[in-house]
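First the structure, in the form of structure tokens, and then the observations on it.
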Amino acid sequence: MMKAILIWVAVLLGARYGRSVTCVAFMGGDAGPHKIARLAGTVRKTCPELRTAWYSGREELPEGFEAAAFDYVKLGGWVEALGPLTAPTTNQRLYRVGPDGTMEDITKLFRRKS
């Protein structure tokens, strides 16, 4: 049922906004990360032109997680004292995921220039 809803939403977004929509981002889902990866896989099959991302509060990916279902994965919970992705003190990391599932830390790209 969830896959059907997701496909319907992706198709409607595409019909309504065309090329303005470039990414489907999943926020949370930390209790069911493998389900989130399967949903991202469904988005990829249905709308291959869209990128997929998962913003997770987890510190690391669970065993057997299919990172290749995503183009981007953000790990680390929000800690106000450490700041957002743009802060050099942040505990959060944003990764670009390769087709083979390798993850490149691209957090530095969000740092503000002095």
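Given the structure, is residue 29 small (Gly, Ala, Ser), surrounded by 11 or more Cβ atoms within 10 Å (Cβ to Cβ), touching a helix residue (DSSP H, G or I) at 6+ places or on another chain (Cβ under 8 Å) and modelled with pLDDT under 90? Explain how you work it out, then say what you get.
Values: small (Gly, Ala, Ser): yes; surrounded by 11 or more Cβ atoms within 10 Å (Cβ to Cβ): yes; touching a helix residue (DSSP H, G or I) at 6+ places or on another chain (Cβ under 8 Å): yes; modelled with pLDDT under 90: yes.
Against the criterion (small (Gly, Ala, Ser), surrounded by 11 or more Cβ atoms within 10 Å (Cβ to Cβ), touching a helix residue (DSSP H, G or I) at 6+ places or on another chain (Cβ under 8 Å) and modelled with pLDDT under 90), residue 29 qualifies.
Within the range 38-54, does at least one residue satisfy the condition of being under 26 Å from residue 108 (Cβ atoms), assigned to a loop (DSSP other than H, G, I, E, B) and in contact with a Lys or Arg (Cβ under 6 Å, 6 or more places away or on another chain)?
If we filter the range 38-54 for residues that are under 26 Å from residue 108 (Cβ atoms), which is where we start, we get 40, 50-54.
Subset that is assigned to a loop (DSSP other than H, G, I, E, B): 50.
This time we only want the ones that are in contact with a Lys or Arg (Cβ under 6 Å, 6 or more places away or on another chain), so: none.
Among the residues of the range 38-54, not one is under 26 Å from residue 108 (Cβ atoms), assigned to a loop (DSSP other than H, G, I, E, B) and in contact with a Lys or Arg (Cβ under 6 Å, 6 or more places away or on another chain), which makes the answer no.
If you go through the range 57-82, how many residues are surrounded by 18 or more Cβ atoms within 10 Å (Cβ to Cβ) and in contact with a helix residue (DSSP H, G or I) (Cβ under 7 Å, 6 or more places away or on another chain)?
Of the residues in that region, 5 qualify.
Pairs please, first residue from the range 70-93 and on the phi > 0 side of the Ramachandran plot, second anywhere and assigned to a loop (DSSP other than H, G, I, E, B) and among the polar types (S, T, N, Q), Cβ atoms under 7 Å, 6+ apart in sequence or on different chains.
76/91; 76/92; 83/89; 83/90
The values are calculated or read from the model by the stated rules, or taken from the named source; none is laboratory data. Being a predicted model, the structure only gives us computed values, none of them experimental. Here the Cβ is made from the backbone with ideal geometry for all residues, glycine too, and neighbour counts use every protein chain on show.
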